[in-house]
1. Within the stretch 117-128, can you find the residues that are closer than 23 Å to C86 by Cβ and open to solvent by 30 Å² or more (accessible area, probe 1.4 Å)?
2. Can you pull out every residue in the stretch 56-75 that is open to solvent by less than 40 Å² (accessible area, probe 1.4 Å) and of a type outside the set (D, E)?
3. Kindly check whether there is at least one residue in the stretch 141-154 that is open to solvent by 40 Å² or more (accessible area, probe 1.4 Å), under 17 Å from the mean Cα position of the chain (by Cα) and in contact (Cβ under 8 Å) with a residue 40 or more places away in the chain.
4. Can you tell me which residue among A93, A50 is out of contact with any helix residue (DSSP H, G or I) (no Cβ under 9 Å at 6 or more places or on another chain) and either under 23 Å from E155 (Cα atoms) or among the acidic types (D, E) (or both)?
5. Answer yes or no as to whether N91 is open to solvent by less than 80 Å² (accessible area, probe 1.4 Å), of a type in the set (S, T, N, Q) and more than 13 Å from the chain's Cα centre (by Cα).
6. Cβ-Cβ distance below 7 Å, separation of 6 or more or different chains: which pairs start in the stretch 58-75 with a residue that is more than 20 Å from Q112 (Cα to Cα) and in contact (Cβ under 8 Å) with a residue 24 or more places away in the chain and end on one that is open to solvent by 80 Å² or more (accessible area, probe 1.4 Å) and of a type outside the set (S, T, Y)?
7. When only residues in the stretch 16-45 that are at pLDDT 95 or above, farther than 17 Å from F68 by Cβ and of a type in the set (G, A, S) count, which is surrounded by the fewest Cβ atoms within 10 Å (Cβ to Cβ)?
8. Quick one: is E13 more than 17 Å from the chain's Cα centre (by Cα), open to solvent by 40 Å² or more (accessible area, probe 1.4 Å) and either without any contact (Cβ under 8 Å) to a residue 60 or more places away in the chain or under 22 Å from L124 (Cα atoms) (or both)?
Amino acid sequence: MLYLKKANTDDTEKEYLFVRDVPEDENGFINEYHGISREDFDDALVTIIANSEGARLPEGYVPDTTYFLWDDNEIIGEFHLRHFLCESLVNGAGHIGYYIAPKYRGRGFGTQGLAMLLERACELVPEEEIYLRVRRSNPASLKAMLKNGCYIHHEDEEHFFVRFKKEV
């Protein structure tokens, strides 16, 4: 069964093993914890959880909840939901970022995980639209967004800036 679950201390070991192995920059998904030691991950996890509550945020950052996409007992992806936009996010990464482990790509997990996260985003985000950004070199992610009812708002040489209209 596929489901999203917030980062938490009950699943620390599996979360650690997953996060440690996510590349530093995978198609624009930035992982500041790539290669982190097990000893340092406990404090990192406290920070990840605190960030979702608006605490321990670096200057200029907004609250950001980390979710893991689980397939039964295995983590297969990581999703980030920024609770609202600041100027750099409006013209940048937007509300949502996500990563699917390479061995699970091409099977619709990104599309399904994004659908679940968009539901949560619609409940949490105050803006009328959910903002996303995807590199032009990542057509699979763009396809997942479009399958979920998103549309291309505008583009530049490197990115498509995508929007999802919340139902009012």
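1. R120, C122, E123, L124, P126, E127, E128
2. Across the stretch 56-75, the qualifying residues are V62, P63, T65, T66, Y67, F68, L69, W70, I75.
3. Checked the stretch 141-154: no residue is open to solvent by 40 Å² or more (accessible area, probe 1.4 Å), under 17 Å from the mean Cα position of the chain (by Cα) and in contact (Cβ under 8 Å) with a residue 40 or more places away in the chain.
4. Criteria check complete, one pass: A93.
5. The answer is no for N91.
6. Taking only residues 6 or more apart or on different chains, the pairs are V62/F84.
7. Step by step, filter the stretch 16-45, then rank; the result is S37.
8. When the stated conditions are applied, E13 passes them.
The values are calculated or read from the model by the stated rules, or taken from the named source; none is laboratory data. In this text, all values refer to a predicted model and were calculated from it rather than measured experimentally. Cβ sites come from the backbone with ideal geometry, for glycine too, and all protein chains shown count toward neighbours. What goes into the accessible areas is simple: the full protein's heavy atoms, side chains included, and nothing from ligands, DNA or RNA. Shrake-Rupley method; radii C 1.70, N 1.55, O 1.52, S 1.80 Å.
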